[in-house]
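Engineer: Quick one: this structure, given as structure tokens, is what I'll be asking you about.
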């Protein structure tokens, strides 16, 4: 997990922020905040989608985080493992459909099948699908960090992830809140 | 693809964008601002080249037209566009442009397999800040393309229940 070295100098501040405070960074961060402020989906579904993106993009920092409210709703490490092979798991069908949609969007979005289209529309409203899609976009910012291998978490083990009233990320480590 | 098809696809893309705007108004507005910032911060011509390559890869066709959502009116020489699907052997693209497209392709297909040498190829002519700006901008246009394709494929742009 730790064999990668940053391909450019990490941002000032030891990597906690993961951003260089450029105007584009600001807009990307605001896009993430907007996605979180608009969130109406349940935390478990949100977290399952986020963890799938983390696995697919091989993002170390995302994999080290757990949404606190999802943990409160029952997400544990056994469930996290099921996401890796969700088709053969006993995860709820609604979660599986969300994961299939996630895989399609981050894998081959041009080949979304008619069957999946029916499943997605059977389980989610158009507004919910839009929310999931924007969430996938948010959770995929890590692609930029993975490309440059800037996604080394500055903490050991797992950390808690939550969002404040404006959608700002709050990370809670064993040492406190960063 | 005939011009009629191009016009129909353009109209469908416009309808899809409007539908997504209606479903997630604040997200869509912020996405448009983020796309503006991407073109302002990264080299616009290299980003436009990659925007078109992303569309080719995700839509599975050398004739593919990227979503109009990310179109900021950057005009590229016809020779570069014609050579884009066989860029490796093309003399129309510079080494710097090829380095951008190579990284873009790997970013689209499997970001975790981008190599040190692919990033170093960009560093031959670009500062670290420019590399970071390009990769961040690439994320924006690539995910916008994926968003449009996924939302259209899911049929979520047809109804607004």
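We did not get these values from a lab; they are worked out from the coordinates using the rules stated. Here the structure is a predicted model, which is why all the values come from computation and not from measurement. When we count neighbours, we look across all protein chains shown, and the Cβ atoms used for this are built from the backbone with ideal geometry, even at glycine.
Engineer: When all C-alpha to C-alpha distances in chain A are sorted into bins of 5 Å, what percent of pairs does each bin hold, rounded to whole numbers?
Structural biologist: Binned Cα distances yield the sequence 1, 8, 16, 21, 22, 16, 10, 5, 2, 0.
Engineer: Order of A:57-64, A:112-119, A:136-143 by packing, highest average Cβ count within 10 Å first? Intermediate results must be reported in sequence, preceding the final value.
Structural biologist: Numbers: A:57-64: 20.8, A:112-119: 14.9, A:136-143: 25.4.
The peptides rank, most packed first, as A:136-143, A:57-64, A:112-119.
Engineer: Further question on the same structure: Enter the angle in degrees (range 0 to 90, nearest 10) between the Cα long axis of helix B:44-59 and the first principal axis of the Cα atoms of chain B, meaning the one along which they spread out most.
Structural biologist: The two axes meet at around 60 degrees.
Engineer: Hey, another quick one. Give me the inter-chain shielding for A:6-12: mean count of other chain Cβ atoms within 10 Å, whole number please.
Structural biologist: Details: counts 1, 12, 10, 3, 0, 1, 0.
Neighbouring Cβ atoms belonging to other protein chains average 4 per residue here.
Engineer: Something else about it: Using alpha-carbon pairs under 8 Å, 6+ residues apart, how would you state the relative contact order of chain B in percent? Can you show the working numbers first?
Structural biologist: Details: 141 pairs, mean separation 54.0, N = 161.
It comes to 34 percent, rounded to a whole number.
Engineer: With everything on Cα atoms, drop me the angle between helix B:95-110 and the longest principal axis of chain B, reported from 0 to 90° to the nearest 10.
Structural biologist: 50
Engineer: Quantify how strongly other chains surround peptide B:75-83 by giving the mean number of their Cβ atoms within 10 Å of each of its Cβ atoms.
Structural biologist: On the way: counts 0, 0, 0, 0, 0, 0, 0, 0, 0.
Going residue by residue through B:75-83 and averaging, the value is 0.
Engineer: So what's chain B giving for Cα Rg divided by 2.2 N^0.38 Å, two decimals? Present the calculation step by step, with values, prior to reporting the outcome.
Structural biologist: On the way: Rg = 16.0 Å, N = 161, 2.2 N^0.38 = 15.2 Å.
Working it through for chain B, the quotient is 1.06.
Engineer: Still on this structure, I have one more. Counting just the Cα atoms, what span does region B:81-161 cover along each of its three principal axes? Round to the nearest Å and put the largest first.
Structural biologist: 51, 29, 20
Engineer: Given R₀ = 30 Å, FRET efficiency for residue B:71-residue A:77 by Cβ-Cβ distance, to 0.05?
Structural biologist: Working: r = 44 Å, r/R0 = 1.47.
Approximately 0.10, to the nearest 0.05.
Engineer: Need one value for B:115-121: mean number of C-beta atoms belonging to other chains within 10 Å of its residues' C-beta atoms.
Structural biologist: On the way: counts 1, 4, 0, 2, 5, 1, 0.
For peptide B:115-121, the averaged partner shielding equals 2.
Engineer: If I take every Cα pair under 8 Å that is 6 or more residues apart in region A:23-177, average their sequence separation and divide by the length, what percent do I get for the relative contact order?
Structural biologist: Numbers: 161 pairs, mean separation 57.2, N = 155.
With pairs under 8 Å counted, the relative contact order is 37 percent.
Engineer: Report the calculated FRET efficiency for residue B:115 and residue A:9 (r = Cβ-Cβ distance, R0 = 30 Å), to the nearest 0.05.
Structural biologist: Numbers: r = 19 Å, r/R0 = 0.63.
With a Förster radius of 30 Å, E is 0.95.
Engineer: Using Cα atoms only, what is the angle between the long axis of helix B:3-23 and the major principal axis of chain B, expressed in degrees (0 to 90) to the nearest 10?
Structural biologist: Compared with the principal axis, the helix lies near 70 degrees.
Engineer: Could you tell me whether the protein assembly as shown comes out rounded, prolate or oblate from its Cα gyration tensor? Rule is a ≥ b ≥ c as square roots of the eigenvalues, rounded for a/c under 1.5, then prolate if a/b exceeds b/c, otherwise oblate.
Structural biologist: Numbers: a/c = 1.72, a/b = 1.16, b/c = 1.48.
Verdict is oblate for the protein assembly as shown.
Engineer: Based on DSSP H runs of at least 4 residues, each adding -39500 (n - 2.57), what is the mean residue ellipticity at 222 nm of chain A after dividing by all its residues, to the nearest 500 deg cm²/dmol? Could the numbers behind the result be given before it?
Structural biologist: Values: 9 runs with 91 residues, N = 178.
So the calculated ellipticity at 222 nm is -15000 deg cm²/dmol.
Engineer: Describe numerically, in nm with one decimal, the distance between label points set 7 Å from Cα along Cα→Cβ at residue A:155 and at residue A:170.
Structural biologist: Going by the 7 Å Cα→Cβ label model, 1.3 nm.
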